[in-house]
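Taking it in order: structure first as structure tokens, then the write-up.
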Amino acid sequence: MGDFIVGLLLYYLKLLAMTLGPIVVCGLAVELLSRAFARLVGFGSGIVFGVTAAIGTPIHELGHAAMCLLFGHKIVDMKLWSPTAQDGLYGYVQHSYNRKNVWARFGNLFIGVGPIFSGLGVVVLMLWLCFPTSWHAFLSNSQALAATDIGFVSLLKGIFSLFLNLPAAFAEHWFVSTLGLIVILSVSLHITLSLLDIKGALSALPIYCGLFFVFALITFTARLNAPIEGWFWLLTVRLLSLFSVVIAFCLLWVLVGVIIRLFRSVFKAF
């Protein structure tokens, strides 16, 4: 009995880590890198955020709105983009729901992290349309990564292989590739979660954990844990591979910020 309980708990924690882990890692990484870029550039970063918001903010808010509709929330008010936002709030989605409805309460988790799903969806669309060779190579590579027992360094190399293969596409279709690059750059800077988003998501976390425990108990008792764990691992690797593209472009923004800061320092020295 003791072995069963220990095995069940380990299986349950693995599933939670594989489902929530990539989302938490991506959200925190993008938020930290966005703040780093803003601090490096200073006042001028507002111009970059404002310009990229024309693409990134509507996608961000549509992620909230889509999840509201999916989980039965009523959208009270919504603004996809405001070009003259004075407080940095370029868009918003206000919604209400029946607190007695468990499905609606459960949906708060996905509504809160909705921008991550919508942002990833647009990244996938751009990769598929503008970088088809890299996208198909990514699908094959992530399948191989999940199916083999490899080291951490090799895993990181595989995850970032998608990003490293993107430049080759410019030699074939530079216009389409540039368009895709602009969209991905704009989206990557706005896959961030506000404090209200995080607060709303955390309010549904107990329900999520409870439902997932029931799922883990049923599948573990039926001895389906091995194939389900393998499927979730494949999903995790593919999500991390996609997130690596977003994070890599955020790192590119930080690199631009470092160059601007150095340029200002040299200019002031003269």
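We did not get these values from a lab; they are worked out from the coordinates using the rules stated. Treat the numbers as computed from the prediction; the structure is a model and nothing was measured. Positions of Cβ are generated from backbone atoms using ideal geometry, with glycine treated the same way; all protein chains shown enter the neighbour counts.
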query: Between the helical axis of 114-130 and the dominant principal axis of the chain, each derived from Cα atoms, what acute angle in degrees is found, rounded to the nearest 10?
result: 70 degrees
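Between HIS136 and SER203, what length in nm is gained on full extension when 0.36 nm per residue of separation is reduced by their alpha carbon distance? Before the final figure, lay out each step's value.
Details: separation 67, 0.36 × 67 = 24.12 nm, distance 3.78 nm.
Roughly 20.3 nm would be gained on extension.
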query: Given the C-alpha centroids of the range 160-223 and the range 40-87, what is the distance between them in whole angstrom?
result: 17 Å
- prompt: Angle, helix 2-41 long axis vs. longest principal axis of the chain, Cα atoms, 0 to 90°, nearest 10?
  reply: 10 degrees
- line: Expressed as a whole-number percentage, the relative contact order of the range 2-269 with C-alpha contacts under 8 angstrom and at least six residues apart is 32 percent
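Is the C-alpha gyration tensor of the chain telling us rounded, prolate or oblate? Criteria: a/c under 1.5 is rounded; beyond that, a/b larger than b/c is prolate, otherwise oblate.
Values: a/c = 1.97, a/b = 1.31, b/c = 1.50.
Here the chain falls in the oblate category.
Please state the charge dipole magnitude for the range 2-269, taken about the Cα centre, from unit charges on C-beta atoms (+1 on K and R, -1 on D and E), reported in debye and rounded to the nearest 20. Let's see the in-between values first.
Numbers: 15 positive and 9 negative charges, 98 e Å.
Here the range 2-269 has a charge dipole of around 460 debye.
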Gained length - ILE260 relative to VAL51, 0.36 nm times residue gap less alpha-carbon distance: 73.5 nm
- request: Enter the angle in degrees (range 0 to 90, nearest 10) between the Cα long axis of helix 205-221 and the first principal axis of the Cα atoms of the chain, meaning the one along which they spread out most.
  value: 50 degrees
